[in-house]
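First up is the structure itself, then whatever we jot down about it.
The values are calculated or read from the model by the stated rules, or taken from the named source; none is laboratory data. In this text, all values refer to a predicted model and were calculated from it rather than measured experimentally. When we count neighbours, we look across all protein chains shown, and the Cβ atoms used for this are built from the backbone with ideal geometry, even at glycine.
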Amino acid sequence: MKRPRPEPVQVVKQRRDGALRALVSGVPYIQYLGISFDRRGDELTAVLPYRDDLIGNPLLPALHGGATAAFLETTAIIELAWSLLWEEMEEGALDPTTVLPTHLPRLPKTIDFTVDYLRSGLPRDAYARARINRSGRRYASVHVEAWQDNRARLFAQATGHFLMPERDA
């Protein structure tokens with residue numbers, strides 16, 4: 001019995017990048033904040049580029065706490081949605097030609113979200129990564145960490161609980 005030939009790396013990469021692009025483009029608030037996502041395999045790093053209008057305290061200057069919280073919550077939600085998409089892509093259940101925002105699963109809904117502001121966010125780009133602690137059929141728990149210049153020096157972290165969307169049977 002002959003094994004099927006694996007897909008070329010570029011085809012797999014294009015499918016994954018297209019799915020992530022469709023997922024992110026389906027949320028207008030992500031474009032408003034200017035958040036982008038860097039994908040390496042199944043790992044996502046969110047990037048919040050510095051803009052003057054994200055400053056909350058111009059005397060310090062420091063990133064606005066609301067912008068920081070929105071950045072962390074968006075990172076958590078996209079990580080959860082990406083984990084669902086990843087399973088579908090790798091199982092072959094996701095058709096690359098239908099990867100449009102209208103064909104994507106609904107996003108998880110926030111139950112609660114707690115942010116720890118560890119230090120002032122400086123006027124520069126910020127990065128965040130989310131780690132899913134638990135993800136079941138109905139509920140998920142996620143931890144998010146944000147940093148700027150040094151990954152070991154977090155400026156904020158958060159823990160959130162989310163209601164997972166129902167999956168079509």
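Couple of notes before you dig in:
- Residue count, the range 61-77 (criterion: part of a loop (DSSP other than H, G, I, E, B) and touching a Pro at 6+ places or on another chain (Cβ under 9 Å)): 1
- Filter pass, residue 129 being of a type in the set (D, E, K, R) and in a loop (DSSP other than H, G, I, E, B): no
- Just one residue in the set 14, 31 is assigned to a helix (DSSP H, G or I), among the polar types (S, T, N, Q) and under 25 Å from residue 115 (Cβ atoms); that residue is 31.
- Unique match (being surrounded by fewer than 16 Cβ atoms within 10 Å (Cβ to Cβ), within 28 Å of residue 151 (Cβ to Cβ) and modelled with pLDDT of 75 or more) among 59, 54: 59
- Residues within the range 118-164 that are surrounded by 11 or more Cβ atoms within 10 Å (Cβ to Cβ) and over 22 Å from residue 37 (Cα atoms), tallied: 5
- Residue in the range 24-40 that is at pLDDT below 85, of a type in the set (A, V, I, L, M), surrounded by 13 or more Cβ atoms within 10 Å (Cβ to Cβ) and at negative phi present: no
- Test: residue in the range 63-80 that is polar (S, T, N, Q), within 19 Å of residue 109 (Cβ to Cβ) and in contact (Cβ under 8 Å) with a residue 40 or more places away in the chain: yes
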